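Notes follow the structure.
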Amino acid sequence: MRKLFTALTLGLAAAAAAHAQAWPAKPVTLLVPFPAGGSTDMIARTLGAKLQEKLGGAFIVDNKAGAGGTVGAAQAKRAAPDGYTIFVSSLGPFVIGPHLVKGVQYDPLKDFDYITVAVQAPNILAVRADSPYKSLADVIKFQKANPEKMTFASAGNGTSDHLTAELFWQETGTKGTHIPYKGGAPAMTDHLGGQVDATFMNINTGMPHIKAGKIRPLAITSSKRSPLLPDVPTMEELGYKGVTVYSWQAFAAPKGLPADIKAKFRDAVIAGLNDPTVKAKLLDLGFEIVANTPEQFTAFQAAEFARWKKVIEVGKITAD
């Protein structure tokens, strides 16, 4: 019996090793729940090229947009947990969409194996360069004296810039007026054109316009100052610790991903993130490398889920 047990154990170990070595034996789909050209798509394509170098095989980006990313998330959940469908998404489908979109076809707390948060990026409170608001204090003072008079653009209901504004109002006891757009591009166009007063844009969206002198950053939602904007204070520095916010992009898989494939894939993602050319490009765009463990990502996901649920409920925010 002892010999039989030993043989079985060795056989299982050998099979697991062979399984890990065999993967990927066919193309792997990196399912992105947003249109091509955005930040999440860029992360998937940039790292997809490095995954091919590290692991061999082919990594193909498949964009399945709709309903704030929840359509793609539902498709990812239904895929086989065999390592040939990897879900690459921002925080929206993981921690925001389920609170806003009725009837989502997945449970973000139960239906995925979390692999790693790849990168994160803060938002910046920005106004036009010719705006009368020179500081965060100016903005808060005006809003307290004129509730709902100051307008804030966003890329749409439930987006990171929208919810950051809502969180900002809740934490500062102020209230502006949210102006949702169908995407970041039209929101930026109207902001630059003077149709709205301010916005909480993602740093990588705002940097080109800041460098061009078209917009003025007043505060950043990171835990420490960004090396790209060393003169811009954090919300925490200015007394609003609760407005520390990051947008993030992460890798997950349908529940049941074999542990050996998960480890192999994560190791390749981390190696890709630390590739000198990739790392320099991401840092230059304002992203911060996270590269956490599956356990850390799982805990982070749960905390973010609860945080944004509260913001949405207190603000009585809907997707309409």
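How do Met188, Met42 rank by accessible surface area computed with a 1.4 Å probe, from largest to smallest?
So, going from the largest accessible area down, we get Met42, Met188.
Of the candidates Ala219, Ala280, Ala118, which one comes out as most mobile in a Gaussian network treatment of the chain with C-alpha springs shorter than 10 Å?
Ala280
Counting pairs of alpha carbon atoms under 8 Å apart in space and at least six apart in sequence, what relative contact order in percent does the chain give?
25 percent
Comparing Phe152, Phe87, Phe300, which has the greatest mean-square fluctuation in the GNM of the chain with Cα pairs linked when under 10 Å apart?
Taking springs between Cα atoms under 10 Å, the residue moving most is Phe300.
Where both partners of a DSSP beta bridge lie in the chain, what percent of those bridges are antiparallel, to the nearest 5?
The antiparallel proportion sits near 60 percent.
With 20 Å as the limit, write out which pairs from Lys50/Lys211; Lys54/Lys279; Lys241/Lys310; Lys54/Lys255 have Cα-Cα distances beyond it, or answer none.
Lys50/Lys211; Lys54/Lys255
In degrees from 0 to 90, rounded to the nearest 10, what is the angle of the helix 184-193 Cα long axis to the longest principal axis of the chain?
Approximately 20 degrees, to the nearest ten.
Which of the residue pairs Lys182/Lys224; Lys175/Lys316; Lys262/Lys309; Lys77/Lys262; Lys102/Lys182; Lys141/Lys309 have a Cα-Cα distance greater than 21 Å in the structure shown?
Lys182/Lys224; Lys262/Lys309; Lys141/Lys309
Once the other residues with Cβ under 12 Å from the Cβ of Ala303 are scored (Lys, Arg +1; Asp, Glu -1), what is the net sum?
My count for the surroundings of Ala303 gives +2.
Please state the relative contact order of region 140-233 as a whole percent: Cα pairs under 8 Å, 6+ residues apart?
Relative contact order, region 140-233: 27 percent.
Tally the DSSP beta bridges in region 90-234 and give the antiparallel ones as a percent, rounded to 5.
60 percent
Suppose all protein chains stay in the model; what accessible area per residue would a 1.4 Å probe give for region 59-154, in Å²?
Dividing the accessible area of region 59-154 by its residue count gives 38 Å².
Taking only Cα atoms and a 10 Å spring cutoff, compute GNM fluctuations for the chain and point out the largest among Ile86, Ile220, Ile60.
Of the options given, Ile60 has the highest mean-square fluctuation.
Nearest 10 degrees is fine. How inclined is helix 259-273 to the longest principal axis of the chain, computing both from alpha carbons?
Roughly 50 degrees between the two axes.
Percent of accessible area on the chain owned by carbon and sulfur, 1.4 Å probe?
Roughly 57 percent, rounded to a whole number.
Using a cut-off of 14 Å between beta-carbons, work out the net charge of the residues near Asp111 (Lys and Arg +1, Asp and Glu -1, Asp111 not included).
Summing Lys and Arg as +1 and Asp and Glu as -1 gives +2.
Output the 0 to 90 degree angle, nearest 10, between the alpha-carbon long axis of helix 160-172 and the longest principal axis computed from the alpha carbons of the chain.
Helix 160-172 sits roughly 60 degrees off the main axis of the chain.
Any idea of Arg45's accessible area? Nearest 10 Å², probe 1.4 Å.
Accessible area of Arg45: about 110 Å².
Calculate, for region 243-311, the solvent-accessible area per residue in square angstrom, rolling a 1.4 angstrom probe over the heavy atoms of the protein chains.
41 Å²
The values are calculated or read from the model by the stated rules, or taken from the named source; none is laboratory data. Only a predicted model underlies this, so the values are computations on that prediction, with no experimental measurement involved. Positions of Cβ are backbone-derived with ideal geometry, glycine not excepted, and every protein chain shown enters the neighbour counts. Heavy atoms of the whole protein, side chains included, go into the accessibility calculation; ligands, DNA and RNA do not. Shrake-Rupley method; radii C 1.70, N 1.55, O 1.52, S 1.80 Å.
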